[in-house]
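Report on the structure given below.
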Amino acid sequence: MTFCTCRFTYFSLWQLQVINIVYCFNRSIALSGSSNNFISKGSCDLVGKQLNHRQLQFCRRNIDVMNSVKNGASLAVSECQHQFRHRRWNCTTVQFERSPVFGNSANGGTREAAFVHSISSAGVAYAVTRSCSEGNLGRKCGCDSKYNGRSEKGWKWAGCSDDIDFGIGFSKTFVDARERGRKSGSPTRVEMNLHNNNAGRMVVKKFMKLQCKCHGVSGSCNVKTCWRSLPNFRKVGEHIKEKFDGATEVELRLIGSRRVLVPRNEYFKPHTVYDLVYIDHSPNFCNADSDTGSLGTRGRVCNRTSQAIDGCELMCCGRGYITRQEVHVERCSCKFHWCCYVRCQNCRKRVEVSACK
Amino acid sequence: MAVILETLRLRSLLAFALLLVAILITFFVVGGKIAPAPTTATSHIANICVANLTKMDAILDPETCNRIDSIKDAESDPRQIRADQIVFTIRFPHQGLSMSRWFQFVATSIRLDLEHDPEFHYRKNADGSPPSLSFKATLAYRNKQGPDSHDWQSMYTSLQERPLVCEFVQSQSDSNDGYYNCEDIPFFEIGNVYYEEYLVNVRLPSLVKNNQIGKITDINFVEIHQNGGFTKVWFTLKTVVAPVSILILIWFAQRVKKLRRDSLLLEKALFCLGVVTAFMNYIRQGLFYGMLMSFWVIFAGEHLVDQPERNNLKSYWKQVGAIGFGCLSLLIFDLSERVFWNIRGKRAAIPTMSRARQLQYRGLIYRFEFLLVVTILCAGLTVVFFVISSVNEAQWKFGEEESTVEISSALFTGIYGMWNVYVFSLVILYAPSSAAPITDDGSDENERLELRSRTEVRVSAGETEESVVYQFTGKSARD
């Protein structure tokens, strides 16, 4: 996936730092024509407008990890779009020139904002962990003495700790810095975002696969060694989507001297660290409305035969739809090897496409 | 034959027991607090390199090769990359670290990540067996520092074929979508870690082979080795234990030599047990257990009170042979049970015997039961530790405070310490005694009897008066 222009993700994404970096960073790169990576501290300054002071500092100190942050953000966007491809709000990113298209109204406390925060935070944790395993970060990650006091000597004595801890720690420091660095803004929103960021990371951690191997005389389990490996990110996306469907509406209450998010409806079960929380109701996303940050569903492709949310009835909010015949050229009778070499024929296929009025 | 155990005063015996417990605790603490976990696993994700068409078999280093981010990129690459050009490269350890000879061994496994593609999916063979994955793997090594630093040298190259077992997990929202979970494939093991860095190149042949495995996105690689710290602690323990055990053995041997008679089979067995324990290590653990069992057969046999003298290895060839054969646990169970019943039967008959015989039997029973209880305790603990270390995944649960005690290391050093302490306390306690039998006032004897009565099921009345006499007559009767 390549992004050549600076885009802001529809709805509340514009406030979400990591995604801003992807889009704006790529624009800067496209303009300057240099390679598509964070290579020097200067790269942090290029995206500096999108970062707050804390994040800028962090970016400069961890320039080698910033590419993983960027990859994590792309991963999060594509997963978000995959999970919401059949819904009225489909996690689209929209073109933007100078300023965020959707002003403060989109600085939302809705379920969608909760999802986006959660998946982005998860995406960054995931990508950083992955990068560790690929060896791109060298001795950072589990062997970083800043994180667990282990050095080269420590590695020889006891090995390194899990990369996931570094990934999660990094995501926490970087993504949450946005919220913590806020000078203004409602404390409820800050708490909500921090909670959802954390929920996303927890899902990655929860789905890490624990695998063990026994060694010993003729395979006996004299010594058992366990390790964790990353799950498929689709699994993470699906789980966060489930949490989106069951998200809890909350409000901030003062309990003792601490401010705590509690369910607005007191009969509801209190949310756990894995659950998503929101404070504002979502708009219906039927019509474009810059106040709510909705793009509307005009022109969206829908399924004529479905009764669900991807069906034309619901998707088009009763405005009706237009069906037309189109000819699609598709790959067919492909000869495939496990990679790369795909020889296909082109088949023309006549299909019916419905789109909302 | 009186042994030290019988001539030791209760107070000294207790002090000795306390010393043993303290030594045992030290072993556990060294393992739990000083040593790290016995092994470490590091996960790697293979980097994807594109081989140069003119040098297809060259060793590729992810740092310097022509690298692409993903297989997807290869498909859209304008250079028209072919499948046989793709090389999965893994360098271990990660950059900036190096392997150490203290690591002892390296074991690895790989796991494939497959992408769901409706056109090219993973398919099983017609008979339902998993498709086979064939790959060509090269292992290379290098040293980066010192006088013998050099560039990558090939170590092994091998063409392998392994079954690829994967399971499709359907997406909840879309029946046409999902992902695969594939099982780990054992890859290779190296018995010593001689070099600083290692590099693995994996190539997957295409065209004829690998056409049922679906679309690969990643190769995950796991490298496991013994922790350097654990090796060091383990070596240190052995270095400390070995001279101590040799000294004890020499002491025992001299003690037996001083006697004006040939050494008994039991003494020989005990000596052998000590020798085997002194040289026991990881690999020879089986030898130790085998020797322990043989010793037990002899020990039990020599304490069978209703049969003539044996003192000859030939009378035990059956048992020892059976042990060598592997039926260890069954045999010991059978023998313990039989001997135990034999002894208990005798004990019921004791009051009807002459005093001298009575006391001889009591001595035998005491010696036997003491050892039986200790052995069963040790064996039981070994089994318990073994089970704990096999099911111990507590440290792998998330969200819990990281444990400051390395349980598995503590179990290793602890069991090692326990058997050493066991064997050498046997050697000491069952060494022939030169001390005069206890003739003190009765108070010590009372205590001593209390201790004994805990192991004895029945204590007949009037024993207090008899016990002093027992010490005398028992000795003389045996002499």
Is there a residue being part of a strand (DSSP E or B) and touching a His at 6+ places or on another chain (Cβ under 6 Å) anywhere in region B:217-228?
yes
Residues A:316, A:339, A:356, A:347: which one is surrounded by 12 or more Cβ atoms within 10 Å (Cβ to Cβ), over 23 Å from the mean Cα position of the chain (by Cα) and within 14 Å of another protein chain (Cβ to nearest Cβ)?
A:339
Yes or no: residue B:173 free of Cβ contacts under 8 Å to residues at least 12 places away in the same chain and either part of a strand (DSSP E or B) or touching a helix residue (DSSP H, G or I) at 6+ places or on another chain (Cβ under 8 Å) (or both)?
yes
Restricting attention to region B:352-366, the residues that are charged (D, E, K, R) and at pLDDT 70 or above number exactly 1
Please state which one of B:235, B:252, B:295, B:230 is within 17 Å of the chain's Cα centre (by Cα), surrounded by 18 or more Cβ atoms within 10 Å (Cβ to Cβ) and aromatic (Phe, Trp, Tyr).
B:230
Residue B:104 vs. criteria within 14 Å of chain A (Cβ to nearest Cβ) and loosely packed, with under 13 Cβ neighbours inside 10 Å:
no
Out of curiosity, is residue B:221 under 30 Å from the mean Cα position of the chain (by Cα) and either closer than 30 Å to residue A:238 by Cβ or of a type in the set (Asp, Glu) (or both)?
yes
Residue under question is residue A:180, and the condition is that it be under 20 Å from residue A:275 (Cα atoms), over 18 Å from the mean Cα position of the chain (by Cα), away from chain B (no Cβ under 14 Å) and touching a residue at least 60 places away in the same chain (Cβ under 8 Å); does it hold?
no
Going through region B:222-251 one residue at a time, which ones are under 28 Å from residue A:154 (Cβ atoms) and either facing chain A (nearest Cβ under 9 Å) or of a type in the set (S, T, N, Q) (or both)?
B:222, B:224, B:225, B:226, B:227, B:228, B:229, B:230, B:231, B:232, B:236, B:239
Would you mention how many residues in region B:272-290 are modelled with pLDDT of 75 or more and among the hydrophobic types (A, V, I, L, M, F, W, C)?
5
Checking the structure you have, find out if any residue of region A:142-152 is modelled with pLDDT of 85 or more, in a helix (DSSP H, G or I) and surrounded by 19 or more Cβ atoms within 10 Å (Cβ to Cβ).
no
Matching residues in region B:124-144 - criterion: being among the aliphatic types (A, V, I, L, M) and part of a strand (DSSP E or B):
B:133, B:137, B:139, B:140
Which strands (runs of 3 or more DSSP E) does region A:192-298 wholly contain that include 3 or more residues that are within 9 Å of chain B (Cβ to nearest Cβ) and within 30 Å of residue B:409 (Cβ to Cβ)?
A:209-215, A:223-229
Filter region B:381-419 down to residues that are touching a Ser or Thr at 6+ places or on another chain (Cβ under 6 Å) and at pLDDT 70 or above and give me whichever is nearest to residue B:36 (Cα to Cα).
B:408
Among the listed residues B:9, B:67, identify the single one that is over 34 Å from the mean Cα position of the chain (by Cα), of a type outside the set (Ser, Thr, Tyr) and either farther than 30 Å from residue B:263 by Cα or surrounded by fewer than 13 Cβ atoms within 10 Å (Cβ to Cβ) (or both).
B:67
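Each row is one residue, and each column tells you yes or no for (1) within 12 Å of chain A (Cβ to nearest Cβ); (2) in contact (Cβ under 8 Å) with a residue 60 or more places away in the chain; (3) surrounded by fewer than 19 Cβ atoms within 10 Å (Cβ to Cβ).
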site	(1), (2), (3)
B:117	yes, yes, yes
B:122	yes, yes, no
B:126	no, no, yes
B:144	no, no, yes
B:153	no, no, yes
B:158	no, no, yes
B:181	yes, no, yes
B:189	yes, yes, yes
Some residue of region B:87-97 being in a strand (DSSP E or B), more than 37 Å from the chain's Cα centre (by Cα) and facing another protein chain (nearest Cβ under 8 Å)
no
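The values are calculated or read from the model by the stated rules, or taken from the named source; none is laboratory data. Just so it is clear, the structure is predicted and the values come from calculations on it, not from any experiment. Every residue, glycine as well, gets a Cβ built from its backbone with ideal geometry; the counts of neighbours run over all protein chains shown.
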